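Please find one structure pasted underneath; my questions will follow.
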Ligand SMILES: Nc1ncnc2c1ncn2[C@@H]1O[C@H](COP(=O)(O)OP(=O)(O)OP(=O)(O)O)[C@@H](O)[C@H]1O
Ligand SMILES: [Mg+2]
């Protein structure tokens, strides 16, 4: 076997997979560390950005930092939570909390010993799930009162340890919703509960991670959410960070191939600086090169093949779910000059007039955009402008031909 085959491909394209080298994000880390210094929690964290920009792995990186700084860390991924009731939210919080609290003991009485010295034995009970649920169930009032009671009790125990507080970290938090028709407001309840306990100086901090729809959703549920969160928006990587993301993994693993500056530039360009695409492209290039090395042929970046692979592996599935008319609309959008930034209904309407035989009316465009938002291809920001929710989607749409 050739020596080169012994090297595992170091790149990791895949949701939530820690990259071999996490490039950039220093500014975000500094901001997070500042949040950790709060004694009274005035600001909670929202970590947001497009699909594949690196939110989940950055949250993973924040976790040991917080623990190092003496915080407890609880939480989970909310992607399964399509529709939660207030009670489900409570169970969620208690379940997550109990993972760390169950190692704490509480004294529940004393048993007089039978021994001749009359020694007594302390009766202790771990603060586990059922213990917390009992507090929840025995507290009268609304769901929010009950959750608060559990959290206040937990703090009465944690405050006697060396821990500063607890971070409640929830990924895919854009899935949290209020449901007015069902009279269930889990999102609002969560915000109310945390705001209220933070006012009582209990250092429990929320770290919510999600797509760009997340923060507008929080503010829509409770206007004070605007002031309650520090929003960190992850963007594409800078040129120098891209370079690191591409070069470091092969260097650190002593791989038999290296990316020459020209190749780095090409990969960096195709990726648009989006971390997922960097991992994806580098993984492909690496595999192709290793094979060619064994065949003894020269190495260059097979740009067309890689773009085609990206189209089938990443974009095609999303495109397949769009209707013909939606595809037409997406094609119009992809031909707007500002399609990679923000665009308006009017801009789409104007272009659709020249672009298609049968243009779109403004109201029709609005309707379709909201459908496309539901299916996760488009999102609307707080100022009523629209963007593609999937990075580099515009180029793919243009490649499909109008
Ligand atoms: N700073 C970085 N440097 C290099 N690679 C990164 C970086 N951040 C993320 N990645 C890679 O990008 C991919 C996507 O990361 P991640 O799953 O964290 O994104 P995400 O924003 O959570 O996406 P989604 O919205 O789909 O949940 C992974 O393969 C990860 O290894
Ligand atoms: Mg994620």
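Just so you know, all these numbers are worked out from the coordinates, no wet-lab data involved. All values derive from a computational prediction rather than experimental measurement. Neighbour counts run over all protein chains shown; Cβ positions are idealised from the backbone, glycine included.
Please report, largest first and rounded to whole Å, the three semi-axes of the ellipsoid equivalent to the chain, where each semi-axis is the square root of five times an eigenvalue of the C-alpha gyration tensor.
Listed largest to smallest, the semi-axes of the chain are 46, 31, 17 Å.
What do you get for the angle between helix 143-158 and the principal long axis of the chain? Use alpha-carbon atoms, 0 to 90 degrees, nearest ten.
70 degrees
Pick from 308, 242, 164: which is most flexible by mean-square fluctuation in a GNM of the chain where alpha carbon atoms under 10 Å apart are linked?
The residue that fluctuates most here is 308.
Additional query: With a 10 Å radius around each residue's Cβ, average the other Cβ atoms per peptide and rank 69-76, 36-43, 144-151, highest first. If you can, show how the numbers build up before the last one.
Working: 69-76: 17.6, 36-43: 14.0, 144-151: 20.2.
Ranking, from highest mean packing down: 144-151, 69-76, 36-43.
Further, regarding this structure: When every alpha-carbon pair in the range 191-321 is counted, what percent end up more than 22 Å apart?
Counting pairs separated by more than 22 Å, the tail of P(r) holds 56 percent.
In the range 52-206, if every C-alpha pair distance is counted and binned at 5 Å from zero, what percent goes to each bin?
All Cα pairs considered, the percentages come to 2, 8, 16, 19, 19, 14, 9, 5, 4, 2, 2, 1, 0, 0.
Take the chain, connect every pair of alpha-carbon atoms lying under 10 Å apart with a spring to form a Gaussian network, then pick out the residue of 359, 109, 141 with the largest mean-square fluctuation.
109
Compute the distance from the alpha-carbon center of the range 353-382 to that of the range 234-305, in whole Å.
Centre-to-centre (Cα) distance: 36 Å.
Hey, can you rank 284-292, 7-15 by average C-beta count inside 10 Å, highest first?
284-292, 7-15
What is the mean projected area of the alpha carbon convex hull for the range 322-399, to one decimal in square nanometres?
4.7 nm²
Picking from 142, 351, 123, which is most flexible by a Gaussian network model of the chain using Cα springs under 10 Å?
123
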